[in-house]
1. Could you check the spin-label model distance between ASN24 and GLU96? Points 7 Å from the Cα along Cα→Cβ, value in nm.
2. If amide H atoms are built 1.01 Å from N in the plane of the peptide, which residues on other chains or at least 5 residues away come under 5 Å of the amide H of TYR119?
3. Say each of GLU110 and MET87 gets a label point 7 Å from the Cα, pointing the same way as Cα to Cβ; how far apart are those two points in nm?
4. Any chance you could run the full-extension gain for SER7 through GLN135? It's 0.36 nm times the residue separation minus the Cα-Cα distance, nm to one decimal.
5. How many nm separate the modelled label positions at GLU69 and GLN120, each set 7 Å beyond the Cα in the direction of the Cβ?
6. Using θ = phi - 60° and the Karplus relation 6.51 cos²θ - 1.76 cosθ + 1.60, list the HN-Hα couplings for segment 168-173 in order, rounded to whole Hz, with x at every Gly or Pro.
7. What residues have an amide H closer than 5 Å to that of TYR156, excluding those fewer than 5 places away on the same chain, when H is modeled at 1.01 Å from N in the peptide plane?
8. In deg cm²/dmol and to the nearest 500, what is the mean residue ellipticity at 222 nm of the chain if only DSSP H runs of at least 4 residues count, each as -39500 (n - 2.57), divided by the residue total?
Amino acid sequence: LLCINHSASVTCVKPSCNSALLVNSSSGLHARWAPYYIRNVRVGTHTPVFKVLQDAGVPMDPENGQTLENANTWVIHFPVKSPEGAMTRNDRTALEQCDFWLQNKVNYTEHNPSVTITYQQDEVLDIIRWIWEHQDKIGGMAFLPAFDAQYDQMPYMEIDQEEYKKFADAFPEIDFSKIYRYEEEDLTTAAQEFACMAGGCDM
């Protein structure tokens, strides 16, 4: 009718990344990180969302390498409790995660669904073998060590129930209806740019 070619990618795995937070869902193909965890979200100071969060007094720190004085990106810390009985990253082996990715890649999406596979040290050889056997289908996969590896401001940080309760009780109310006060211009770029390029994604 509109004389527009059919899209090559008509399927996707959603919700993903930050959009999963809006509906309290795990992200894309991933299981929940843990029963209780901190979700760290990066927000630019130029965005109206940042100003609303700042006014609400949510806990935040400057992005690594930036200071309180010059930070143009801040890491916001949200406490998250997984739904009762939710699958977490420790409920599946690395190979089970890989097979689940492959199942979606082959039977559902027409592109490479992205996924981060968490693995234990003793699973490395199995992963290498799996990659070799499926090298003709590989794309969109990243691997993250789960054996107590720590990085500053990781997207997810596991906490226990007591820490969650303390964090959640102190977390302020956020009134997103106030966002219009800070919208001086149209900052929507989704229709103008790719969502994720060069290691960065729009929020």
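Please treat every number below as a calculation from the coordinates, not as lab data. Small disclaimer: the values here were computed from a predicted structure and weren't measured. Glycine also receives a Cβ, built like all others from the backbone with ideal geometry; neighbour counts cover every protein chain displayed.
1. Roughly 2.5 nm, to one decimal.
2. LEU144, ALA146
3. Distance between the two pseudo-spin positions: 2.6 nm.
4. Details: separation 128, 0.36 × 128 = 46.08 nm, distance 2.54 nm.
That works out to 43.5 nm of additional length.
5. 4.8 nm
6. 5, 5, 8, 6, x, 5
7. Those lying under 5 Å, H to H, from TYR156 are ASN40.
8. Details: 5 runs with 47 residues, N = 203.
That calculation yields -6500 deg cm²/dmol at 222 nm.
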